[in-house]
Amino acid sequence: MYVLKDGEGQVLYVGKAVNILKRVKSHFYRASSPLKEGMLEAVASVQYFVTGNEHEALLLEEDLIKRFRPPYNLRLRDDKSYPYILFETRGDFPAVRFARRKTGGEGVYFGPFTDSRKTREGLKLLRSIFRLRGCTIPESSFPLRRPCIDFELGLCGAPCVGHMSRAEYQENLRKAVDFLNGKYEEIARWIEDEMWKAADALDFERAIYYREKLEALQKVATRYRLVLSQPEDVDFVEVVCDEEVALFVVLRVRQGRLIGIESFVASSLGWQSKEALLREFLEQIYLHAFCFPRRVCVAVEHLEALQELSEFFPFTVTPPYSGEEEEMMLLALENAQKSLEAEALRRKKRERASTELLRGLQDLLGLPSFPRLVEGVDISTFQGEEAVGVVVAFLDGVPYPKRYRKFIVKSEGHPDDFGMMREVLVRHFRRLQSGEGNLPDLLLLDGGRGQLNVALGVFRELGVSCPVLALAKEFEEVYLPERTAPLVLPPHSEVLQFLQRVRNEAHRFAVTFHRVRRNKKSFGSLLEEVEGIGPKRREKILAAFEDLRALCEADPEEVSRRLRIPREVVTRLKERLQEVYQHGLSGASSG
């Protein structure tokens with residue numbers, strides 16, 4: 001893992017490589033560098049980290065990108081929501097489950113996909129054919145007294161109660177991977193053989209089971225048309241851009257069959273060449289734990305800019321070799337162009353709707369300027385403990401996480417809501433006055449007349465001029481400085497619904513932050529009770545796990561290796577935590 005920084009220490013780019021020296025050199029000395037124009041002149045230093053494996057590298061990369069938001073990393077839109085199918089690798093009966101992130105656990109990932117519903121349907125079909133478990137029950141708890149409902153639904157072979165042996169489960173697991181790799185004919189022959197074996201043994205119920213699975217498999221296979229005369233595994237990748245958006249399309253061909261078309265959206269700002277965009281995109285989606293095609297086919301002028309990816313991934317990047325492959329590239333291009341047109345229409349529609357909404361907000365409230373930047377403030381505490389405040393921001397009607405801010409309330413004792421609100425507002429606006437950002441066009445407070453008066457007092461004290469309102473929860477009343485009576489908007493008002501979105505997002509962000517701090521406090525005090533855990537190990541564990549549940553579900557062997565803490569200490573800690581968890585650990589908080 002390596003990080004490129006500018007002269008002021010700001011993170012510009014986060015990357016990972018097996019050979020960091022060679023990879024960093026390629027940025028500076030080759031035309032194949034994925035970095036944007038103007039990037040190289042800003043780089044002043046390189047920092048690197050050594051990780052134990054690819055999974056740890058992914059976790060670290062995700063953490064660094066989330067924390068520093070480097071401007072030169074290609075960020076796929078909503079990439080955290082792209083679904084995956086994860087084949088876990090731990091134990092004798094590893095689960096197969098839906099994963100929202102590529103760092104959802106160690107194992108083999110298939111994806112990313114862009115349709116969550118279809119991914120869940122495919123996973124259900126997969127589990128129904130191969131009877132693979134999807135639960136997180138640790139194998140150390142086996143055997144259980146009875147199987148769960150997944151067994152009754154035919155989604156699991158119930159190895160937890162001994163209904164399926166390790167050998168049978170592992171064989172089914174291998175065949176499920178083959179199924180996702182497009183080897184339908186091979187799997188169909190296996191199911192048909194099992195069906196006839198059951199029929200010969202007069203086990204007609206089992207024969208009917210296999211017949212139904214064979215029919216389901218054949219329905220899937222008929223949906224995936226044969227596009228290549230040779231049974232190859234090839235991904236055809238294309239990208240088209242406008243002035244704001246890059247639209248990537250991946251046609252997944254397995255065993256000569258087209259099994260999926262996925263599209264991904266990213267910002268195109270600052271990227272100067274198609275080769276640069278494609279290279280960075282390919283690095284994003286082809287990670288070590290994924291199932292790779294043998295080839296990735298692209299249509300670019302300077303293919304050498306992408307061919308060195310074969311040094312990092314087990315595939316080759318090639319141009320289309322035949323008329324069939326040229327047709328596939330045309331199909332990818334047509335899909336990308338149509339998707340880009342649809343994205344442009346959606347963008348214009350969103351912009352028009354946002355403009356109309358914010359114009360209506362300006363007219364209704366009599367704001368002096370168009371409210372492009374709206375901020376929301378909220379406080380979260382529980383009986384005065386671990387009090388926190390947050391500021392969220394909406395730019396042009398949509399969340400703008402770059403402006404989100406968290407505050408730990410420092411007032412001593414048990415300050416009231418007004419005192420906590422005052423502290424957060426003073427600290428936030430002093431930061432803005434010091435040059436950290438522009439004042440918002442509108443500030444929204446979660447509360448009523450009292451919170452509004454607190455804000456007005458802070459503005460007088462700091463000499464700030466900022467439009468402000470308060471939105472009270474109970475009757476959704478809007479309190480304005482110039483009005484004695486609250487403004488009541490109809491429930492269907494788009495302006496009210498927008499204000500509610502800002503208020504609710506501030507509340508969600510505050511409660512989440514408060515819960516994390518409260519859990520860590522409970523978690524931290526509990527760690528002190530376990531023999532073998534001193535201050536340094538305590539800090540390691542708190543940095544690696546945010547809450548009790550995550551550690552309860554973790555494998556002691558993996559935790560020991562990752563944190564370099566003796567396994568017996570981790571086991572002792574986990575037993576203590578599970579004991580506490582069974583009796584209940586407060587994780588709720590009040591907003």
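The values are calculated or read from the model by the stated rules, or taken from the named source; none is laboratory data. Keep in mind it's a predicted model, so treat the numbers as computed, not measured. No Cβ is skipped: glycine too gets one built from the backbone with ideal geometry, and neighbour counts run over all protein chains shown. Remember, those area values only see protein heavy atoms, side chains included, never the ligands or the DNA or RNA. Shrake-Rupley method; radii C 1.70, N 1.55, O 1.52, S 1.80 Å.
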Does E423 satisfy being touching a residue at least 24 places away in the same chain (Cβ under 8 Å) and either open to solvent by 20 Å² or more (accessible area, probe 1.4 Å) or of a type in the set (F, W, Y) (or both)?
yes
Would the range 225-238 turn up any residue that is open to solvent by less than 80 Å² (accessible area, probe 1.4 Å), modelled with pLDDT under 85 and out of contact with any Gly (no Cβ under 8 Å at 6 or more places or on another chain)?
no
So, first residue over 21 Å from F315 (Cβ atoms) in the range 216-239, second residue open to solvent by 80 Å² or more (accessible area, probe 1.4 Å) and modelled with pLDDT under 90, Cβ within less than 8 Å, six or more apart or across chains; the pairs are A221/E185
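Every residue in the range 466-485 that is within 13 Å of L425 (Cα to Cα) and part of a loop (DSSP other than H, G, I, E, B), please. Full working, then the answer.
So the first thing to find is which residues in the range 466-485 are within 13 Å of L425 (Cα to Cα), and the list is 466, 468.
Selection gives C466 alone.
Looking at A387, A353, can you tell me which residue is surrounded by 20 or more Cβ atoms within 10 Å (Cβ to Cβ) and more than 20 Å from A470 (Cα to Cα)?
Values: A353 fails: surrounded by 20 or more Cβ atoms within 10 Å (Cβ to Cβ).
The match here is A387.
Having 2 or more residues that are under 24 Å from P94 (Cα atoms) and at pLDDT 70 or above is the bar; report the helices (runs of 4 or more DSSP H) wholly within the range 530-583 that clear it.
Per the criteria, 556-563, 567-583.
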Are any of the residues in the range 93-114 surrounded by fewer than 19 Cβ atoms within 10 Å (Cβ to Cβ) and farther than 30 Å from L60 by Cβ?
no
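Determine whether I191 is crowded, with 17+ Cβ neighbours inside 10 Å, in contact with an Asp or Glu (Cβ under 9 Å, 6 or more places away or on another chain) and on the phi < 0 side of the Ramachandran plot.
Judged against the criteria, I191 is not a match.
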List the pairs whose first member sits in the range 392-407 and is β-branched (V, I, T), whose second member is part of a strand (DSSP E or B), and whose Cβ atoms are under 9 Å apart, counting only residues at least 6 apart or on separate chains?
V392/E375; V392/G376; V392/V377; V392/D378; V392/P399; V392/R405
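What residue, of L456, L452, L443, is more than 24 Å from R515 (Cα to Cα), open to solvent by less than 20 Å² (accessible area, probe 1.4 Å) and in a helix (DSSP H, G or I)?
Working: L456 fails: open to solvent by less than 20 Å² (accessible area, probe 1.4 Å); L443 fails: in a helix (DSSP H, G or I).
Exactly one of L456, L452, L443 is more than 24 Å from R515 (Cα to Cα), open to solvent by less than 20 Å² (accessible area, probe 1.4 Å) and in a helix (DSSP H, G or I), namely L452.
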Given (1) modelled with pLDDT of 75 or more; (2) exposed (fewer than 14 other Cβ atoms within 10 Å of the Cβ); (3) among the aliphatic types (A, V, I, L, M); (4) out of contact with any Asp or Glu (no Cβ under 8 Å at 6 or more places or on another chain), number of the condition V488 does not satisfy:
(4)
Residues being open to solvent by 50 Å² or more (accessible area, probe 1.4 Å) and within 31 Å of the chain's Cα centre (by Cα) - total across the range 312-329:
3
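Would you check if C241 is modelled with pLDDT of 85 or more and out of contact with any helix residue (DSSP H, G or I) (no Cβ under 6 Å at 6 or more places or on another chain)? Even if it seems obvious, please write down each step before you answer.
On the way: modelled with pLDDT of 85 or more: yes; out of contact with any helix residue (DSSP H, G or I) (no Cβ under 6 Å at 6 or more places or on another chain): yes.
Yes; evaluated as a whole, the condition is true for this residue.
Go through the range 163-177 and report how many residues are outside any helix (DSSP H, G or I), open to solvent by 30 Å² or more (accessible area, probe 1.4 Å) and under 15 Å from G91 (Cα atoms).
1
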Looking at the range 272-290 only, could you name the residues that are modelled with pLDDT under 75, out of contact with any strand residue (DSSP E or B) (no Cβ under 6 Å at 6 or more places or on another chain) and crowded, with 17+ Cβ neighbours inside 10 Å?
L287, H288
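Is it true that some residue in the range 364-373 is open to solvent by 40 Å² or more (accessible area, probe 1.4 Å), closer than 30 Å to L445 by Cα and part of a helix (DSSP H, G or I)?
Here is the first cut: in the range 364-373, the residues open to solvent by 40 Å² or more (accessible area, probe 1.4 Å) are 364, 366, 368-370, 372.
If we keep only those that are closer than 30 Å to L445 by Cα too, we end up with 364, 366, 368-370, 372.
So of that shortlist, the ones also part of a helix (DSSP H, G or I) come out as 364.
Scanning the range 364-373 turns up at least one residue that is open to solvent by 40 Å² or more (accessible area, probe 1.4 Å), closer than 30 Å to L445 by Cα and part of a helix (DSSP H, G or I).
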Has the range 52-69 got at least one residue that is modelled with pLDDT of 70 or more, part of a loop (DSSP other than H, G, I, E, B), open to solvent by less than 70 Å² (accessible area, probe 1.4 Å) and within 26 Å of A305 (Cα to Cα)?
no
Sole exception among (1) open to solvent by less than 40 Å² (accessible area, probe 1.4 Å); (2) within 28 Å of Y109 (Cα to Cα) for A199, by number:
(2)
Restricting the range 72-119 to residues that are closer than 26 Å to Y400 by Cα and hydrophobic (A, V, I, L, M, F, W, C), which is modelled with the lowest pLDDT?
L76
Any residue in the range 461-484 that's more than 16 Å from G366 (Cα to Cα): show its pairings with residues that are of a type in the set (F, W, Y) and at pLDDT 90 or above at Cβ separation under 7 Å, as long as the two are six or more apart or on different chains.
L462/F429; V464/F429; A472/Y479
Is there any pair linking a residue in the range 295-323 that is free of Cβ contacts under 8 Å to residues at least 24 places away in the same chain to one that is open to solvent by less than 30 Å² (accessible area, probe 1.4 Å) and charged (D, E, K, R), with Cβ under 7 Å and at least six apart or on different chains, and which?
T316/R295; T318/R295
More than 30 Å from the chain's Cα centre (by Cα), open to solvent by less than 30 Å² (accessible area, probe 1.4 Å) and at pLDDT 90 or above, is that true of C156?
no
Among the numbered criteria (1) in a helix (DSSP H, G or I); (2) more than 18 Å from Y400 (Cβ to Cβ), which one does L432 miss?
(2)
Of the residues L125, L76, which is out of contact with any strand residue (DSSP E or B) (no Cβ under 8 Å at 6 or more places or on another chain) and open to solvent by less than 60 Å² (accessible area, probe 1.4 Å)?
L125
Exception for R145 within (1) closer than 25 Å to P556 by Cβ; (2) in contact (Cβ under 8 Å) with a residue 12 or more places away in the chain; (3) over 29 Å from the mean Cα position of the chain (by Cα); (4) part of a helix (DSSP H, G or I) falls at (4)
